[in-house]
1. Please find, within region 93-132, the residue that is farthest from residue 82 (Cα to Cα) out of those that are of a type in the set (S, T, N, Q) and out of contact with any Lys or Arg (no Cβ under 9 Å at 6 or more places or on another chain).
2. Only one of these is within 13 Å of residue 7 (Cα to Cα), in contact with a Ser or Thr (Cβ under 8 Å, 6 or more places away or on another chain) and not β-branched (Val, Ile, Thr): 76, 63, 68, 24. Name it.
3. Mind listing just one residue for me: the one in region 51-72 that is among the aliphatic types (A, V, I, L, M) and buried (at least 16 other Cβ atoms within 10 Å of the Cβ) and, of those, nearest to residue 103 (Cα to Cα)?
4. Specify which of the listed residues (48, 36) is more than 14 Å from the chain's Cα centre (by Cα) and surrounded by 13 or more Cβ atoms within 10 Å (Cβ to Cβ).
5. Suppose we filter region 1-19 for residues that are closer than 17 Å to residue 75 by Cα and either of a type outside the set (A, V, I, L, M) or surrounded by 20 or more Cβ atoms within 10 Å (Cβ to Cβ) (or both); how many remain?
6. Which one of the conditions (1) out of contact with any strand residue (DSSP E or B) (no Cβ under 8 Å at 6 or more places or on another chain); (2) surrounded by 21 or more Cβ atoms within 10 Å (Cβ to Cβ) does residue 89 fail to meet, given that it meets all the rest?
7. Condition check: β-branched (Val, Ile, Thr), surrounded by fewer than 20 Cβ atoms within 10 Å (Cβ to Cβ) and farther than 24 Å from residue 142 by Cα. Does residue 127 satisfy that?
8. Just checking, which of 51, 87 is part of a loop (DSSP other than H, G, I, E, B) and farther than 15 Å from residue 10 by Cα?
Amino acid sequence: MNSPIEILLVEDNPEDLTLTLRALKKAALSNRIHVCRDGEEALDFLFCQGQFAERQTSNAPRLILLDLKLPKIDGLEVIQKLKADPQTKHIPIVALTSSKEQTDIVRSYSLGVNSYIVKPVDFERFVDAVRDLGMYWLLLNEAPKFAE
C-alpha cells in the first residue's frame, strides 16, 4: 500500500459502510480510502502491526471516520489509544455514529475526538454531511507537518 491514505473509515455495519462509501463517492471524496471493520483492525492498521506490519507509519491517514459501536475494540477505546500516542494523536478523528447518547458524546470529546456526528437517516443529508466533512478536513484544515 504505497499511495497515501486520506481517509480511514472504521465501520462494522455493512449497510452503513455501503452508505458511507456511496456518500464519499457522491461527494467526490472516494479516493484513497481504507476500510477497517473493527477497532482492533483499525489499531493494527494505524500502528502498522499484525496484518499491516509492512505498512509505513509515515503513511498515516489525514482523517479517521470512526463508528463508536465496534466489535473487538470499541471506538472510544480506539480514540483513547490514538490520542495517547505521539505518532497518532494529531490525526483528526470524527465520530460518525448512530449513537445520540450523551455519555458517548461527552466521553468522545473528553478523549480528544475532533468532531461528533450522528449519522442522518436521510441519504441526501448524509451526503451533505460527508461532503462538508471532507471539504473541511481534507481541503481547508491545515494539518501540522512533522519531521519523519
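The values are calculated or read from the model by the stated rules, or taken from the named source; none is laboratory data. Every value quoted in this text rests on a predicted model; they were computed, and no experiment measured them. We place every Cβ from the backbone using ideal geometry, glycine too, and count neighbours over all the protein chains shown.
1. Within region 93-132, the first condition is being of a type in the set (S, T, N, Q), and the residues that meet it are 97-99, 102-103, 108, 110, 114-115.
Cutting the leftovers down to out of contact with any Lys or Arg (no Cβ under 9 Å at 6 or more places or on another chain) gives us 102-103, 108, 110, 114-115.
On the way: 102: 22, 103: 20, 108: 12, 110: 13, 114: 12, 115: 15 Å.
Per the stated criteria, the residue is 102.
2. Values: 76 fails: within 13 Å of residue 7 (Cα to Cα); 63 fails: in contact with a Ser or Thr (Cβ under 8 Å, 6 or more places away or on another chain); 68 fails: within 13 Å of residue 7 (Cα to Cα).
Only one candidate passes the filter, namely 24.
3. Initial filter on region 51-72 (among the aliphatic types (A, V, I, L, M)): 53, 60, 63-66, 68, 70.
Next cut, buried (at least 16 other Cβ atoms within 10 Å of the Cβ) only: 60, 63-66, 68, 70.
Numbers: 60: 29, 63: 24, 64: 21, 65: 19, 66: 17, 68: 12, 70: 16 Å.
Result: 68.
4. Working: 36 fails: more than 14 Å from the chain's Cα centre (by Cα).
The match here is 48.
5. First, pick out the residues of region 1-19 that are closer than 17 Å to residue 75 by Cα: 7-14, 16-17.
After this cut, where a residue has to be either of a type outside the set (A, V, I, L, M) or surrounded by 20 or more Cβ atoms within 10 Å (Cβ to Cβ) (or both) as well, the list is 7-14, 16.
Here the count works out to 9.
6. Condition (2) is where residue 89 drops out.
7. Values: β-branched (Val, Ile, Thr): yes; surrounded by fewer than 20 Cβ atoms within 10 Å (Cβ to Cβ): yes; farther than 24 Å from residue 142 by Cα: no.
So residue 127 does not fit the description; no.
8. Working: 51 fails: part of a loop (DSSP other than H, G, I, E, B).
Result of the check over 51, 87: 87.
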